[in-house]
Each structure stands twice: as structure tokens, then as C-alpha cells.
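A short worksheet on the structure shown next.
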Amino acid sequence: MSAPATGAAADLLSGDAEEPLLRVRDLTVGFRTEDGPVSAVDHVSFDARAGELLAVVGESGCGKSVAAMALSGLLARNATVSGSVRLGGRELVGASPDQLRAVRGKEIAYIFQEPMTSLNPVFTVGRQVAEVLRVHEGMSRTQALDRAVELLDLVGIPHPRERLRQYPHQLSGGLRQRVMIAMAVACDPRVLVADEPTTALDVTVQAGILDVLRDLRDRLGAAIVLITHDLGVVADVADRVMVMYAGRVVERSEVDELFARPRHHYTVGLLGAVPSARVSGGEQRLREIPGLVPTLEQQPDACTFAARCPAADERCRSQEPPLAPAPQSSHEVACWHPAGTRPPGDRAPGDRAPGVAREESG
Amino acid sequence: MGRYLLSRLGQSLVTLLLATVVVFAGVRALPGDPARALAGEENNPAQVAAIRAKYGLDDAVWVQYWRYLTHSLTGDFGTSVRTNIPVRSLLAGALPVTMELSLLALTVAALIGVLTGVLAAVRRGRPAEWLANGFALLGLSVPNFWLGLMAILWLSVAWSIFPASGHVPFLEDPAANLAHMALPALVLGTGLAAVIMRQTRSSMLDALSTDYVRTARAKGLRERTVVGIHALRNSLIVVVTIVGLQLGALISGAVVTERIFALPGFGKLTVDSVFQRDYPVIQGVVLVTATAYIVINLLVDLLYSLIDPRIRVRGDVA
């Protein structure tokens, strides 16, 4: 790699505020399939800062998981990835397999959605946690197992020494997810990607897992990227939120701001679809967003949400709205007619000509 | 684990008992009368009756079965009616040859099959996979006897790399023994290698698309470790089953292979005894073969629990 990356880690340690820990620019992912190309992620840009929990929200199929996997080159061979992912100043898109392997598990670690299937059924929990320590930290078997005990303890697993000798099938889903987390934080990663870590778990177990994540953010100062479709989880733990739709970022904001003043009609729809005690108590039907997320061969020069949007007009169908600071609020939205500003069809002064490059928050 | 083992042993014993019934009944269902055959050309009724009485062939069927069963249990399989050699010593002479041949063939097959299977899965859609698949198709379709003859023709006669036929006991001269076993083992192992390759390939493809393999990659493990340890260990569960089932086929395949390479093993003993209506020898051979099947199956089941910890617990609960 010829990226000017050498010594970037040192810059970061010395408190260089110029570049955030994880800097993603124009990340674009497509897949070559038997039915032709499929576009999964379209020019996604975001930053994740140390000690911050960034939530990525969207429906199934909006590209949030694919984007997360693309960060460290974890996608299958038929994926094409372009754009830039810089971790601590080092470029990861286009890095060699060896370079990526050294980063994975060590600097950027993952927690996946399915705790029941994400652990290898034929190896003990201890071996699987110790493995990552032996690979990245060069520990001996006994050192690694001792450290694994500490890690299991750290993520709140009772009797860690006994658990170490057990196999995944002997553990509950919640415990398995804690094992996954222990494995992920074993090498003190700088970025922790949690892909729907609580979706498959009971509500009470969910709360425990979220506590562990929050604790790790505060204690280790890691940047946590939490992928979820659960807005309750977002409101609970996130610092900032990024809403994705059909492979694009449609809205990005501080968490309180987003819940108080959603600007994208998709976000408005998402918030409206959250069941509340008031809705489920009465006879009212839960509000939903009509239609489905489209599967795209190519990203159109249009708003991909237009077909489902109550405020869509001709312009939405013919010009892609850039992600830009929303009027009358402090966050960014990719919409020609942001909600809660002015009626659709009335041209806002903030509107721009087509073809304007997307802006980045930096 | 203890209960699992015990219940599995019980099942095996029942199967074995059924096997003795089938062997006993099967031999009696063969056309032809052994007493008449033994009496030879001048089979006058008195002589035939005498032979019947001598071998207990005039007793009730269940009496004959009971005698057969109790004698078999003590390792007494009777005496060959042709050669008057105890069946036990015939078996003891032939068994090591066939066992060595089968084990060597299995080793060859497992090595080639697992390696090419993994390769085909990892290099999916690339020339290496086509090559491996082509090899598997050939290995499955080419009959043993033809492959054996070709091997003798080229590797023995034309290039003189291996001896064409015959057998040297291992303890007598290990090097000569292996030289004589190499071709038969290779020929016998080819078909099994193809089966193992196909099974390894498909279960490897399954394993490679699992969440735990994604986890292993996300941990930053080497691809070699991901494939060779995390995925392979899981794929082997299915492969071991297939190997266990195929070991039976290996023993029957040995009949043909042993004849081609003139090895004094079980195959030769079986064919000879069937042609000569040598009841005691047939019974002994088939019973030992059936026992081998059952023992192999038991071993395969125990092997599972070593590979897959989930089976250990299931046995405890059951």
C-alpha cells in the first residue's frame, strides 16, 4: 500500500484530531450474481470516533450489514468494493489479504446477529476465545486461556473458568452472545462492529448485552458501530445515528435530534412504525411504511425512497438528493422536501442543482 | 457417554445375532446339496445319508442353527468339508491380508479424497474444481477390474515399478509386502477416494458458508486455519459416516481386487468356498465380514462423538 498511512497510529495516539478513528468515504459495494449485478451500498460515508456509539439504522436489505462487512474486506469473492475506509489513517479498501487479516479481530472486531450459529460447534468456548489472542497477541496456550477467563468475566459470564471448557451448545443464546463479545474485545479493538447483536435474544437478555456494549465503549474507549433496526435500542444506547435506505445514507444526526426532529420521510415512517403503549393498547393499527425496499441493479439518479414517500414529486424521481445539512436543524438529510420544514413542492433555498457532490460531515 | 456406549453396544449385539440367522438361512437357501456334492460321482443313497449324519445335516434346522451359534461364539467355525482344515485357521490366514489391503486402500482414499475435496470446495468454479470433479467422475465410473488390469499392464509389466501379483507377509519382509500391496490398495482406494472427494466437497461448501466460518474470518485467522480447522472439522462429521458405510463396499470390492492381484485374502476365500459349496467356510467368511461391518459402524459412531461434542451430550440425555 502506498497510502500515506505510516505513523498514522502514532498521530492518533498523540491526539491528532484531524482524522477520526474510522473514516469511511463513498463506500460502494456491488455483487456480481447469476442474475446480473446488484447494488448493495451506494457512496456511504461516515466517521466513527473513539468512545462513541454510532447506530446504523434501516430495514433488512438496506445495505447496513454489507457495509459493515465491507469495512474489513469480509465479503464474498463476488463483491466489488470501492471508495475508502481508513482506520487510524490506514487505507483498508484494496489492502492485501494479509494486511486485512492483521486488522481483523485486532483493530476492528465484529459481533454478529446469530449467537446460536456464530460460534463453532465443535470447539470449546475457551479455545475459540483463546484463538484470537494466540493469533494477534502471540500468547501461549495457557496465557491465552487465563486471559480468556478474565474476558468472560468482563462480559458478565458467571463461573468463567467452568464455562471455558464447555461447548457452545451447552450455553444459552445470551451467554453465547457474551462469548462472542468476549472474543471481539479480546485484543482491545479500536472499532467494534455489532451487527444486530440483540435481535435474536429475549428482551431481558438484550438489556444485559446493551449494558455490556455501553460499558465497553466507556471503559475501552472503542468506537462502536451498532447496526440495528430497533429504534428502541438506538434511543437507549447510541450517541449518533445514521439512517440507511436502499444502500444510501438518507439521514444522519445526533440521537436526540433525530428522535425530536426527523427530517427524512423514511425516518418519520420508521419512528411512526415503533409500537407504543398508546397504540397497542387501543384498537389502532400499527402504522407501517407501504411497499418494500427495492433490490437495485443500479443506483438511479433519483431518490430511492420516492416510490414509498408521501411527499415525493417529479424532482424526487429524476434527481438524487445529496446528503446535506437540513434546514432549521443541525443534522444532515438526503431529501428534496425534508419533513417538518415546508410543504412539498415549495422550493427551499437550500435546494441545490443536480450533480452537486455529496458533502461529508468530517 | 457411558450410557450411549452401552446402548450402542447392545444394538450391535442384536444386529450381530440377526446376522448369524441370515448367514445360516442364506447358506441353506443355496441351490445344491452339500452331502451329494461331497459324495462325489458314485453317490449312492447310503453314502449320502452317512455324510448327512456325520455333519449333522439331518438334524432339525433349529438344532443345526443352535449348534452353529454356540460353536461360532467359542470361535469354532467348524472344518472345511473340502480340505479338512479348521475354518478358524483359514480365516486367520486370510483376515490379515484383507485387513491390510482395506486399511491401506482407506488411507489412500481418505488422503486423496479429503485433499481434493477441500481443494474443489475452496477453488469453486475454477479449473482446480473441474479437475477434481473430473477425477471423481472417473474414479466412480471406472470398474475396479479394468483399473487393476491397466495398473498391472503399465505399472508392473511395462514399467516394472510394482510387482504384478502375489503376497509376502508383512512380518517376513515389510518392504516387499508394501510393494505387493501398493497397486491393489491404489486400485481399491480409487473408487472410495472419489466418493470421499464428492462428500468432502459438498460438506466443505456448506461449512464455508456458515456463520462460524464468517466469525473465524472476522477474528483475523489465516485462511488455512479457517478452512483446515474450523470448516474441515465440521465437514468431517459427514465424511466419516460415508467412509464408514463405504468400508463395507471396500470389503466386497476387495473380492475382485484380490483375485486380480492374486492375494490370499478374504475375497479369494469367499469365492473359492462358494464355488465348492464349502458351507462351514462360507458361514465363517460371511459371519466375520458381517461382524466387521458391525464393528466398523460402532467405531464410526464412537468417532462422531470425538469429532462432534453435541453427540456426546445427546447420549447422556437419552
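Any read-out appearing in this document is the output of simple, stated calculations on the displayed coordinates, not a laboratory observation. Computed from a predicted model, the values in this text were never measured in an experiment. With ideal geometry, Cβ positions are generated from the backbone for all residues, glycine too; neighbour counts draw on all protein chains shown.
For A:LEU323, the residues whose modelled amide H falls within less than 5 Å of its own, excluding neighbours fewer than 5 places apart on the same chain, are A:GLU359. Full extension of the chain segment joining B:SER209 with B:ALA179 gains 6.5 nm, where the gain is 0.36 nm per residue of separation less the Cα-Cα distance. A simple count of charges around B:ASP211, restricted to other residues whose Cβ falls under 14 Å of its Cβ and scoring Lys, Arg +1 and Asp, Glu -1, yields 0. Taking a straight Cα-Cα cut-off under 29 Å and skipping sequence neighbours fewer than 8 places away in the same chain, the lysines within cross-link reach of B:LYS54 are B:LYS268.
Take the Cα atoms of the protein assembly as shown, build their convex hull, and give its volume per residue in Å³.
Numbers: hull volume 162.6 nm³, N = 680.
Considering the Cα atoms of the protein assembly as shown, their hull volume per residue is 239 Å³.
When only the Cβ of Lys, Arg, Asp and Glu is charged (+1, +1, -1, -1), the dipole of chain B relative to its Cα centre reaches about 1300 debye.
A simple spin-label model places pseudo-atoms 7 Å from Cα toward Cβ; at A:ARG161 and A:ARG317 they are separated by 7.0 nm. Counting neighbouring beta carbons within 10 Å and listing from fewest to most, the residues B:PHE24, B:PHE275, B:PHE145, A:PHE259 come out as B:PHE275, B:PHE145, A:PHE259, B:PHE24.
Explain nothing, just the number: dipole magnitude of the stretch A:20-238 about its Cα centre with +1 on each Lys and Arg Cβ and -1 on each Asp and Glu Cβ, in debye rounded to the nearest 20. Show your work: numbers first, answer last.
On the way: 24 positive and 26 negative charges, 150 e Å.
It works out to roughly 720 debye.
Modelled this way, with points 7 Å down the Cα-to-C-beta line, the labels at B:ALA50 and B:VAL274 are 3.3 nm from one another.
In this calculation the C-beta distance from B:TRP66 to B:ARG3 is compared with R0 = 45 Å, giving a FRET efficiency of 0.90. Each of B:MET150, A:MET180, B:MET181 was scored by other Cβ atoms within 10 Å of its Cβ. Listed from fewest to most, they are B:MET150, B:MET181, A:MET180. Farthest toward the positive end of the dipole of the protein assembly as shown, out of B:GLY166, A:ALA186, B:ALA194, is the Cα of B:GLY166, where the dipole comes from beta carbon charges about the Cα centre.
Most exposed first by the Cβ proxy, i.e. fewest other Cβ within 10 Å, how do B:ARG123, A:ARG147, A:ARG101, A:ARG219 rank?
Numbers: B:ARG123 14, A:ARG147 19, A:ARG101 22, A:ARG219 11.
Ascending number of Cβ neighbours within 10 Å: A:ARG219, B:ARG123, A:ARG147, A:ARG101.
Only helices enter the 222 nm calculation for chain B: every DSSP H run of n ≥ 4 contributes -39,500 (n - 2.57), and dividing by all residues gives -25000 deg cm²/dmol, rounded to 500.
Can you give the local net charge around B:THR20? Use residues other than it whose beta-carbon is closer than 15 angstrom to its beta-carbon, Lys and Arg +1, Asp and Glu -1.
Values: positive: B:ARG28, B:ARG67; negative: B:ASP76.
Local charge sum for B:THR20: +1.
Angle of helix B:127-141 to the longest C-alpha principal axis of chain B, folded into 0 to 90 degrees and rounded to 10: 10°. Distance between the pseudo-spin-label points of B:ALA128 and B:ASN84 (7 Å out from Cα toward the beta carbon): 6.4 nm. Our compactness index for the stretch B:87-317, the C-alpha radius of gyration over the empirical 2.2 N^0.38 Å, is 1.15. Distances between every pair of Cα atoms in the stretch A:77-213, grouped in 5 Å steps from 0 to the bin holding the largest one, split as 2, 10, 19, 21, 20, 13, 9, 5, 1, 0 percent. Its relative contact order, with pairs defined as Cα atoms under 8 Å and 6+ residues apart, puts the stretch A:30-124 at 22 percent.
Placing unit charges on the Cβ atoms only, positive for Lys and Arg and negative for Asp and Glu, gives the stretch B:105-249 a dipole magnitude near 780 debye about its Cα centre. What residue among B:SER89, B:SER202, B:SER165 has the largest mean-square fluctuation in a Gaussian network model of chain B, using Cα springs under 10 Å? Maximum fluctuation in the GNM of chain B, among the listed residues, is at B:SER89. Ordering B:SER80, A:ILE227, A:PRO294 by the projection of their Cα atoms onto the charge dipole of the protein assembly as shown, which places +1 on the Cβ of Lys and Arg and -1 on the Cβ of Asp and Glu, puts B:SER80 at the extreme positive end. The long axis of helix B:266-275 is offset from the longest Cα principal axis of chain B by roughly 40 degrees. Cross-link partners for A:LYS106 among the lysines, with Cα-Cα distance under 19 Å and sequence neighbours closer than 8 places in the same chain left out: B:LYS219.
The C-alpha atoms of chain B define a longest principal axis, and helix B:2-29 lies at about 40 degrees to it.
Give the range of the longest stretch in chain B that excludes all GluC sites (Glu not before Pro) found in loop regions by DSSP and having at most 16 other beta-carbon atoms within 10 Å. With GluC sites (Glu not before Pro) excluded where exposed in loops, chain B gives B:173-318 as its longest stretch. Placing unit charges on the Cβ atoms of the charged side chains and taking the dipole of the protein assembly as shown about its Cα centre, the candidate lying farthest along the positive direction among B:VAL239, A:LEU323, A:LEU27 is B:VAL239.
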